[in-house]
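Trainee: There's a structure below that I have some questions on.
The values are calculated or read from the model by the stated rules, or taken from the named source; none is laboratory data. All figures in this text were calculated on a predicted structure; none of them were measured in a lab. Note that we place each Cβ from the backbone using ideal geometry, even for glycine, and neighbour counts take in every protein chain shown. Please note that ligands, DNA and RNA were not included when accessible areas were found on the heavy atoms of the full protein model with its side chains. Shrake-Rupley method; radii C 1.70, N 1.55, O 1.52, S 1.80 Å.
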Amino acid sequence: GMMSSTYIDRLMSGVWDATKRMAQIPNEMLKSRMEISKSRSELLHAGLGMYDVNQVEKLAKDFTNQYAGITTNAYLQAMYEMQSSIPEASMKTKQKMAESALLTASVTSATNEDMAKLFAKAVHSLRAVGQSEDAIIQRMTDFGGKIKKAVDVGVFRGPDMLEALKQTVPVWIQRGATDSEMVGLNTFLMTQGVDASTSGVYSREMAQRLPK
């Protein structure tokens, strides 16, 4: 038989309630959920399985509850950078690198994306010289602290340090330099008035000229 008009009314009022409820969700929340969905699909696309992506989102929520000002989406994006740049590293390494990069970015006013790229580049170089995952995690956590200290001196900003280190890191790591040497050299060049990217190029060339 035909559906009764009361049934249709009830159905329509149900739909209306649901729509009203949706409308009450703060716009920000809806926007951030959409960003998270997009980042999740990027992680899946980068080769993580559904289980891992769910785990990453759980880690992100725990982490962002602990550190105000870092969003779940920023965490997923940093993990995406690690997954794309160092897919062969362990899940633990990727997680620790994403977290260290986000924390370092947040205290040096550098962007999350640039910091994550720098950390991924350094991990890639450290793996190439045969460092163990645990040694890499330890070193990179310290590395974040050294960048922060250099920026705290107040001679230049986080983005400048990043710009310089981008050029420096791969070559100097191959040469066995310590992070203090890499950060120190760039700090010295920049205090001498050399701009950030030139400083990075100079220090890279210095490394290349060192006797093997």
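Trainee: From largest accessible area down, sort Val155, Val194; use a 1.4 Å probe on the protein chains.
Mentor: The ranking, largest first, comes out as Val155, Val194.
Trainee: Ordering Glu88, Glu42, Glu57 by how much accessible area each has at a 1.4 Å probe, largest first, what is the list?
Mentor: Working: Glu88 95, Glu42 50, Glu57 15 Å².
Largest to smallest exposure gives the sequence Glu88, Glu42, Glu57.
Trainee: A further question follows. Under a Cβ-only charge scheme (Lys and Arg +1, Asp and Glu -1), can you give me the dipole magnitude of the chain about the Cα centre, in debye to the nearest 20?
Mentor: Roughly 140 debye for the chain.
Trainee: Sticking with this structure for a sec: Treating each Cα of the chain as an identical point scatterer and ignoring solvent, apply the Debye formula and state log10 I(q)/I(0) at q = 0.11 Å⁻¹.
Mentor: So the normalised log intensities work out to -0.60.
Trainee: Quantify, in whole percent, the carbon and sulfur part of the accessible surface of the stretch 13-158 (1.4 Å probe; protein heavy atoms only). Provide the component values of the computation, followed by the final result.
Mentor: Details: 4450 of 7960 Å².
Here carbon and sulfur together make up 56 percent of the probe-accessible area.
Trainee: Roll a 1.4 Å probe over the protein heavy atoms and report the accessible area of Phe119 in Å², nearest 10.
Mentor: 0 Å²
Trainee: Using a 10 angstrom cutoff on alpha carbons, build the Gaussian network for the chain and name the most mobile of Ala150, Ala46, Ala135.
Mentor: Comparing Ala150, Ala46, Ala135 in the GNM, the peak value goes to Ala135.
Trainee: Follow-up. Please go through the stretch 3-92 and write out the trypsin sites (Lys or Arg not before Pro) that DSSP classes as loop and that have at most 12 other C-beta atoms within 10 Å.
Mentor: none
Trainee: Enter the accessible area of Ser5 (Å², nearest 10), with the probe set to 1.4 Å and all protein chains included.
Mentor: Counting only protein heavy atoms, the figure is 80 Å².
Trainee: Another question about this same structure. Please check: in the Gaussian network model of the chain (C-alpha springs, under 10 Å), which one of Gly144, Gly154, Gly47 has the largest mean-square fluctuation.
Mentor: It is Gly154.
Trainee: At 1.4 Å probe radius, can you tell me the per residue accessible area of the chain in Å²?
Mentor: With all protein chains present, the chain gives 57 Å² per residue.
Trainee: Of Gln174, Leu102, Ser199, which is farthest towards the positive pole of the chain's charge dipole, taken about the Cα centre with +1 and -1 on the beta-carbons of Lys, Arg and Asp, Glu respectively?
Mentor: Gln174
Trainee: Next up: How high is the relative contact order of the chain? Use alpha-carbon pairs under 8 Å, at least six apart in sequence, and give a whole percent. Don't jump to the answer; show the numbers that get you there.
Mentor: Details: 211 pairs, mean separation 30.2, N = 212.
Answer for the chain is 14 percent.
Trainee: Rg to Rh for the stretch 86-212: what is it, with Cα atoms only and Rh by Kirkwood?
Mentor: 0.95
Trainee: By what distance, in whole Å, do the Cα atoms of the stretch 1-100 stretch along each of the three principal axes, largest value first?
Mentor: For the stretch 1-100, the Cα spread along each principal axis is 62, 32, 16 Å.
Trainee: For His124, His45, what's the largest-to-smallest order of accessible area, 1.4 Å probe?
Mentor: His45, His124
Trainee: Any of Lys61/Lys146; Lys58/Lys166; Lys58/Lys96; Lys92/Lys117; Lys94/Lys121; Lys58/Lys146 with alpha carbons more than 19 Å apart? Name them for me.
Mentor: Result: Lys61/Lys146; Lys58/Lys166; Lys58/Lys146 exceed 19 Å.
Trainee: Leaving out ligands, DNA and RNA but keeping every protein chain, what accessible area does Leu44 have, in Å² rounded to the nearest 10, with a 1.4 Å probe?
Mentor: Rounded to the nearest 10, the figure is 70 Å².
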